[in-house]
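Student: Sharing a structure with you now.
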Amino acid sequence: MAPTPTGNRTTRVHVVSDVHGNVRDLARAGAGADALICLGDLVLFLDYADHSRGIFPDLFGVENADRIVELRTARRFEEAREFGARLWAGIGADRATAIEKAVRKQYAELFTAFPTPTYATYGNVDMPPLWPEYAGPGTTVLDGQRVEIGGRTFGFVGGGLRTPMRTPYEISDEEYAAKIEAVGEVDVLCTHIPPEVPELVYDTVARRFERGSKALLAAIRRTRPRYSLFGHVHQPLVRRMRIGATECVNVGHFAASGTPWALEW
(Lines give C-alpha, C1' and ligand atoms only; values in the text may rest on other atoms or scores of the structure.)
Protein backbone atom coordinates (compact mmCIF):
# COMPACT_ATOMS: atom_id res chain seq x y z
CA MET A 1 0.00 0.00 0.00
CA ALA A 2 1.15 3.56 -0.58
CA PRO A 3 2.28 5.22 2.66
CA THR A 4 0.75 8.52 3.70
CA PRO A 5 3.44 10.91 4.98
CA THR A 6 3.19 12.23 8.53
CA GLY A 7 5.60 15.13 8.73
CA ASN A 8 8.97 14.12 7.33
CA ARG A 9 8.78 10.40 8.12
CA THR A 10 6.63 7.34 7.71
CA THR A 11 5.31 5.20 10.57
CA ARG A 12 5.43 1.45 10.01
CA VAL A 13 3.57 -1.08 12.16
CA HIS A 14 3.75 -4.87 11.82
CA VAL A 15 0.67 -6.88 12.74
CA VAL A 16 0.45 -10.59 13.62
CA SER A 17 -2.31 -12.89 14.77
CA ASP A 18 -2.68 -16.59 15.55
CA VAL A 19 0.93 -17.03 16.61
CA HIS A 20 0.23 -20.48 18.09
CA GLY A 21 3.68 -21.10 19.50
CA ASN A 22 5.77 -19.72 16.61
CA VAL A 23 8.46 -18.21 18.84
CA ARG A 24 11.21 -18.23 16.22
CA ASP A 25 9.43 -15.99 13.73
CA LEU A 26 7.83 -13.86 16.45
CA ALA A 27 11.29 -12.84 17.65
CA ARG A 28 11.95 -11.11 14.33
CA ALA A 29 8.40 -9.99 13.50
CA GLY A 30 9.08 -6.42 14.61
CA ALA A 31 12.23 -5.92 12.54
CA GLY A 32 12.05 -2.66 10.60
CA ALA A 33 8.83 -1.53 12.29
CA ASP A 34 8.10 1.22 14.80
CA ALA A 35 5.80 -1.14 16.72
CA LEU A 36 4.40 -4.67 16.69
CA ILE A 37 0.70 -5.40 17.14
CA CYS A 38 -0.38 -8.90 18.18
CA LEU A 39 -4.04 -9.88 17.83
CA GLY A 40 -3.87 -12.96 20.02
CA ASP A 41 -3.92 -16.74 20.04
CA LEU A 42 -0.40 -17.15 21.35
CA VAL A 43 -1.03 -20.62 22.77
CA LEU A 44 -0.60 -23.76 20.68
CA PHE A 45 -3.02 -26.31 22.07
CA LEU A 46 -3.18 -28.49 18.97
CA ASP A 47 -1.65 -27.93 15.54
CA TYR A 48 -4.19 -29.05 12.93
CA ALA A 49 -1.44 -29.24 10.29
CA ASP A 50 1.02 -31.19 12.46
CA HIS A 51 -0.76 -33.21 15.13
CA SER A 52 2.49 -33.89 16.99
CA ARG A 53 2.75 -30.23 18.12
CA GLY A 54 0.94 -28.63 21.02
CA ILE A 55 -0.29 -29.19 24.55
CA PHE A 56 -2.81 -31.88 23.58
CA PRO A 57 -0.38 -34.33 21.91
CA ASP A 58 2.21 -33.65 24.62
CA LEU A 59 -0.30 -34.92 27.16
CA PHE A 60 -2.15 -37.62 25.20
CA GLY A 61 -0.04 -38.64 22.21
CA VAL A 62 -0.32 -38.14 18.47
CA GLU A 63 -2.88 -40.92 17.81
CA ASN A 64 -5.36 -39.29 20.16
CA ALA A 65 -4.62 -35.92 18.57
CA ASP A 66 -5.35 -37.44 15.15
CA ARG A 67 -8.70 -38.69 16.42
CA ILE A 68 -9.89 -35.45 18.00
CA VAL A 69 -8.93 -33.46 14.89
CA GLU A 70 -10.88 -35.95 12.77
CA LEU A 71 -13.98 -35.52 14.93
CA ARG A 72 -13.78 -31.73 15.07
CA THR A 73 -13.16 -31.40 11.35
CA ALA A 74 -16.27 -33.50 10.75
CA ARG A 75 -18.15 -31.12 13.11
CA ARG A 76 -18.90 -34.03 15.43
CA PHE A 77 -18.35 -31.74 18.40
CA GLU A 78 -20.31 -33.78 20.94
CA GLU A 79 -18.29 -36.91 20.14
CA ALA A 80 -15.10 -34.86 20.33
CA ARG A 81 -16.06 -33.56 23.77
CA GLU A 82 -16.87 -37.07 25.00
CA PHE A 83 -13.60 -38.40 23.61
CA GLY A 84 -11.66 -35.56 25.19
CA ALA A 85 -13.48 -36.02 28.50
CA ARG A 86 -12.38 -39.66 28.66
CA LEU A 87 -8.77 -38.65 28.08
CA TRP A 88 -8.88 -35.87 30.67
CA ALA A 89 -10.50 -38.24 33.17
CA GLY A 90 -7.21 -40.11 33.24
CA ILE A 91 -5.54 -36.96 34.53
CA GLY A 92 -8.31 -36.29 37.03
CA ALA A 93 -8.04 -33.33 39.35
CA ASP A 94 -4.68 -32.40 37.84
CA ARG A 95 -6.26 -31.26 34.55
CA ALA A 96 -6.24 -27.52 35.29
CA THR A 97 -2.74 -27.74 36.74
CA ALA A 98 -1.41 -29.61 33.70
CA ILE A 99 -2.90 -27.10 31.25
CA GLU A 100 -1.72 -24.08 33.19
CA LYS A 101 1.79 -25.47 33.47
CA ALA A 102 1.96 -26.04 29.70
CA VAL A 103 0.50 -22.61 28.90
CA ARG A 104 2.91 -20.91 31.29
CA LYS A 105 5.83 -22.58 29.54
CA GLN A 106 4.65 -21.27 26.16
CA TYR A 107 3.92 -17.78 27.49
CA ALA A 108 7.36 -17.51 29.07
CA GLU A 109 8.95 -18.07 25.65
CA LEU A 110 6.47 -16.04 23.60
CA PHE A 111 6.34 -12.88 25.69
CA THR A 112 10.12 -12.81 25.84
CA ALA A 113 10.13 -12.77 22.03
CA PHE A 114 7.98 -9.63 21.80
CA PRO A 115 9.93 -6.53 20.71
CA THR A 116 9.52 -3.10 22.31
CA PRO A 117 7.00 -1.65 21.82
CA THR A 118 4.35 -4.34 21.37
CA TYR A 119 0.60 -3.77 21.67
CA ALA A 120 -1.31 -7.00 22.22
CA THR A 121 -4.80 -8.30 22.80
CA TYR A 122 -6.14 -11.77 23.59
CA GLY A 123 -7.30 -14.50 21.23
CA ASN A 124 -9.99 -17.05 22.01
CA VAL A 125 -7.44 -19.73 22.99
CA ASP A 126 -5.51 -17.45 25.35
CA MET A 127 -5.71 -17.28 29.14
CA PRO A 128 -5.94 -13.56 30.04
CA PRO A 129 -5.40 -13.97 33.82
CA LEU A 130 -1.83 -15.15 33.15
CA TRP A 131 -0.80 -12.31 30.84
CA PRO A 132 0.14 -9.74 33.54
CA GLU A 133 2.80 -12.15 34.83
CA TYR A 134 4.57 -12.36 31.46
CA ALA A 135 3.98 -9.02 29.73
CA GLY A 136 7.15 -6.99 30.24
CA PRO A 137 7.45 -3.17 30.33
CA GLY A 138 7.64 -3.01 26.53
CA THR A 139 4.35 -4.87 26.02
CA THR A 140 1.02 -3.05 26.43
CA VAL A 141 -2.02 -5.34 26.79
CA LEU A 142 -5.30 -3.79 25.63
CA ASP A 143 -8.88 -5.09 25.59
CA GLY A 144 -11.74 -2.67 25.04
CA GLN A 145 -9.15 0.13 25.07
CA ARG A 146 -7.39 2.59 22.77
CA VAL A 147 -3.83 3.75 22.18
CA GLU A 148 -2.16 6.27 19.88
CA ILE A 149 0.59 5.06 17.56
CA GLY A 150 2.27 7.49 15.17
CA GLY A 151 -0.57 9.98 15.38
CA ARG A 152 -3.33 7.46 14.69
CA THR A 153 -5.76 5.98 17.21
CA PHE A 154 -5.89 2.20 17.49
CA GLY A 155 -8.67 0.37 19.33
CA PHE A 156 -8.31 -3.20 20.62
CA VAL A 157 -10.92 -5.84 21.42
CA GLY A 158 -9.77 -9.36 22.32
CA GLY A 159 -11.31 -12.78 22.69
CA GLY A 160 -13.87 -14.73 20.71
CA LEU A 161 -17.57 -15.46 20.86
CA ARG A 162 -19.05 -18.65 22.29
CA THR A 163 -18.84 -21.75 20.10
CA PRO A 164 -19.22 -25.53 20.45
CA MET A 165 -15.40 -25.67 20.65
CA ARG A 166 -15.51 -24.01 24.09
CA THR A 167 -12.06 -22.46 23.86
CA PRO A 168 -10.71 -20.65 26.95
CA TYR A 169 -11.55 -17.01 26.20
CA GLU A 170 -15.00 -17.08 24.64
CA ILE A 171 -17.45 -14.45 25.88
CA SER A 172 -21.09 -13.54 25.29
CA ASP A 173 -22.20 -11.41 22.35
CA GLU A 174 -23.33 -8.76 24.85
CA GLU A 175 -19.96 -8.57 26.61
CA TYR A 176 -18.15 -8.40 23.29
CA ALA A 177 -20.45 -5.66 22.01
CA ALA A 178 -19.82 -3.64 25.18
CA LYS A 179 -16.06 -3.73 24.52
CA ILE A 180 -16.59 -2.62 20.92
CA GLU A 181 -18.71 0.26 22.22
CA ALA A 182 -16.05 1.21 24.79
CA VAL A 183 -13.44 1.57 22.04
CA GLY A 184 -15.57 4.04 20.11
CA GLU A 185 -14.32 5.85 17.00
CA VAL A 186 -10.73 4.98 16.02
CA ASP A 187 -8.54 5.08 12.94
CA VAL A 188 -7.66 1.39 13.16
CA LEU A 189 -9.89 -1.19 14.85
CA CYS A 190 -7.87 -4.25 15.98
CA THR A 191 -9.72 -7.42 16.99
CA HIS A 192 -8.99 -11.13 17.14
CA ILE A 193 -12.15 -12.21 15.33
CA PRO A 194 -13.48 -10.74 12.05
CA PRO A 195 -16.73 -8.91 11.44
CA GLU A 196 -19.66 -11.21 10.64
CA VAL A 197 -19.29 -11.34 6.87
CA PRO A 198 -19.53 -14.77 5.18
CA GLU A 199 -16.45 -14.29 2.99
CA LEU A 200 -14.33 -13.29 6.01
CA VAL A 201 -15.48 -15.99 8.46
CA TYR A 202 -15.47 -19.08 6.22
CA ASP A 203 -12.38 -21.30 6.60
CA THR A 204 -11.72 -23.04 3.29
CA VAL A 205 -9.61 -25.83 4.81
CA ALA A 206 -11.68 -26.56 7.91
CA ARG A 207 -14.75 -26.17 5.65
CA ARG A 208 -16.80 -24.32 8.22
CA PHE A 209 -17.93 -20.86 9.20
CA GLU A 210 -16.11 -19.49 12.23
CA ARG A 211 -17.82 -16.98 14.49
CA GLY A 212 -17.52 -13.34 13.55
CA SER A 213 -19.04 -10.38 15.34
CA LYS A 214 -22.19 -8.59 14.25
CA ALA A 215 -21.39 -5.82 16.75
CA LEU A 216 -18.01 -5.34 15.09
CA LEU A 217 -19.62 -5.17 11.65
CA ALA A 218 -22.13 -2.59 12.90
CA ALA A 219 -19.32 -0.52 14.44
CA ILE A 220 -17.37 -0.58 11.18
CA ARG A 221 -20.40 0.71 9.29
CA ARG A 222 -21.19 3.32 11.95
CA THR A 223 -17.72 4.68 12.87
CA ARG A 224 -15.92 4.10 9.52
CA PRO A 225 -12.35 3.37 10.71
CA ARG A 226 -9.61 3.43 8.07
CA TYR A 227 -8.82 -0.22 8.80
CA SER A 228 -10.33 -3.21 10.56
CA LEU A 229 -7.55 -5.70 11.32
CA PHE A 230 -8.17 -9.23 12.63
CA GLY A 231 -7.12 -12.88 12.42
CA HIS A 232 -8.78 -16.02 13.85
CA VAL A 233 -9.81 -17.59 10.51
CA HIS A 234 -6.67 -19.35 9.32
CA GLN A 235 -7.61 -19.93 5.66
CA PRO A 236 -10.35 -17.42 4.87
CA LEU A 237 -12.28 -17.38 1.62
CA VAL A 238 -11.31 -13.70 1.31
CA ARG A 239 -8.37 -12.10 3.14
CA ARG A 240 -9.41 -8.50 2.61
CA MET A 241 -12.45 -6.56 1.49
CA ARG A 242 -13.82 -3.05 1.76
CA ILE A 243 -16.88 -2.28 3.85
CA GLY A 244 -17.83 1.28 3.06
CA ALA A 245 -14.82 3.45 3.89
CA THR A 246 -13.06 0.67 5.83
CA GLU A 247 -10.41 -1.72 4.53
CA CYS A 248 -10.97 -5.02 6.36
CA VAL A 249 -7.85 -7.21 6.49
CA ASN A 250 -7.19 -10.68 7.84
CA VAL A 251 -3.51 -10.19 8.77
CA GLY A 252 -2.75 -13.88 8.29
CA HIS A 253 -2.08 -17.12 10.13
CA PHE A 254 1.30 -16.21 11.60
CA ALA A 255 1.96 -19.72 12.93
CA ALA A 256 2.12 -20.96 9.35
CA SER A 257 3.39 -17.91 7.44
CA GLY A 258 5.88 -16.46 9.92
CA THR A 259 5.37 -13.14 8.15
CA PRO A 260 3.72 -10.06 9.71
CA TRP A 261 1.31 -7.83 7.82
CA ALA A 262 2.66 -4.28 7.41
CA LEU A 263 0.79 -1.01 7.71
CA GLU A 264 2.48 2.28 6.78
CA TRP A 265 1.33 5.88 6.86
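The values are calculated or read from the model by the stated rules, or taken from the named source; none is laboratory data. Everything numeric in this text was worked out from a predicted model, so none of it was measured. Quick reminder, even Gly has a Cβ in these numbers, built from the backbone with ideal geometry, and neighbours come from all protein chains shown. Protein only, heavy atoms only, side chains kept; ligands, DNA and RNA dropped before computing areas. Shrake-Rupley method; radii C 1.70, N 1.55, O 1.52, S 1.80 Å.
Student: Determine if region 107-120 includes at least one residue that is open to solvent by less than 30 Å² (accessible area, probe 1.4 Å), in contact (Cβ under 8 Å) with a residue 40 or more places away in the chain and among the polar types (S, T, N, Q).
Tutor: yes
Student: Could you identify the single residue in Asp58, Asp66 that is open to solvent by 70 Å² or more (accessible area, probe 1.4 Å), in a helix (DSSP H, G or I) and out of contact with any Gly (no Cβ under 8 Å at 6 or more places or on another chain)?
Tutor: Values: Asp66 fails: open to solvent by 70 Å² or more (accessible area, probe 1.4 Å).
Residue meeting the stated conditions: Asp58.
Student: Looking at Arg75, Arg53, which is the one that is more than 24 Å from Leu161 (Cα to Cα) and in a loop (DSSP other than H, G, I, E, B)?
Tutor: Going through Arg75, Arg53 in turn, the sole match is Arg53.
Student: I would also like to ask the following. Just to be sure I understand, how many residues within region 22-50 are assigned to a loop (DSSP other than H, G, I, E, B), out of contact with any Phe, Trp or Tyr (no Cβ under 9 Å at 6 or more places or on another chain) and at pLDDT 95 or above?
Tutor: 6
Student: Hey, among the residues in region 230-252 that are touching a residue at least 60 places away in the same chain (Cβ under 8 Å) and surrounded by fewer than 24 Cβ atoms within 10 Å (Cβ to Cβ), which one's farthest from Glu196 (Cα to Cα)?
Tutor: So the residue we want is Gly252.
Student: Right, next: Only one of (1) touching a helix residue (DSSP H, G or I) at 6+ places or on another chain (Cβ under 8 Å); (2) touching a residue at least 24 places away in the same chain (Cβ under 8 Å); (3) within 30 Å of Gly84 (Cα to Cα) is not met by Val197, so which one is it?
Tutor: Unmet for Val197, out of (1) touching a helix residue (DSSP H, G or I) at 6+ places or on another chain (Cβ under 8 Å); (2) touching a residue at least 24 places away in the same chain (Cβ under 8 Å); (3) within 30 Å of Gly84 (Cα to Cα): (3).
Student: Still on this structure: From the list Val15, Val19, Val103, pick out the single residue that is at pLDDT 95 or above, assigned to a loop (DSSP other than H, G, I, E, B), at negative phi and open to solvent by less than 10 Å² (accessible area, probe 1.4 Å).
Tutor: Val19
Student: Can you list the strands (runs of 3 or more DSSP E) lying wholly within region 136-198 that have 1 or more residues being open to solvent by 10 Å² or more (accessible area, probe 1.4 Å), of a type outside the set (A, V, I, L, M, F, W, C) and more than 19 Å from Glu247 (Cα to Cα)?
Tutor: 139-141, 145-149
Student: Still on this structure: Out of the residues in region 146-170 that are among the hydroxyl-bearing types (Ser, Thr, Tyr) and in contact with a Lys or Arg (Cβ under 6 Å, 6 or more places away or on another chain), which is nearest to Ile68 (Cα to Cα)?
Tutor: Going residue by residue through region 146-170, those that are among the hydroxyl-bearing types (Ser, Thr, Tyr) are 153, 163, 167, 169.
Subset that is in contact with a Lys or Arg (Cβ under 6 Å, 6 or more places away or on another chain): 153, 163.
Values: Thr153: 42, Thr163: 17 Å.
Result: Thr163.
Student: If Ala98 passes every condition in (1) touching a residue at least 12 places away in the same chain (Cβ under 8 Å); (2) open to solvent by 30 Å² or more (accessible area, probe 1.4 Å) but one, which one does it miss?
Tutor: (2)
Student: Follow-up. Here is a list: Ala178, Ala245, Ala255. Which entry is small (Gly, Ala, Ser) and closer than 18 Å to Ile37 by Cα?
Tutor: Ala255
Student: Pairs please, first residue from region 70-81 and of a type in the set (Phe, Trp, Tyr), second anywhere and open to solvent by 80 Å² or more (accessible area, probe 1.4 Å), Cβ atoms under 9 Å, 6+ apart in sequence or on different chains.
Tutor: Final answer for the pair search is Phe77/Arg166.
Student: Restricting attention to region 253-265, which residues are open to solvent by less than 20 Å² (accessible area, probe 1.4 Å) and either aromatic (Phe, Trp, Tyr) or without any contact (Cβ under 8 Å) to a residue 12 or more places away in the chain (or both)? Let's see the steps before the verdict.
Tutor: So in region 253-265, the residues open to solvent by less than 20 Å² (accessible area, probe 1.4 Å) come out as 254, 258, 263, 265.
Within region 253-265, Phe254, Trp265 meet the criteria.
Student: Let me ask you something else. Mind checking which residues of region 199-218 are in contact with a Pro (Cβ under 8 Å, 6 or more places away or on another chain), surrounded by 19 or more Cβ atoms within 10 Å (Cβ to Cβ) and assigned to a helix (DSSP H, G or I)?
Tutor: Leu200, Val201, Leu216, Leu217
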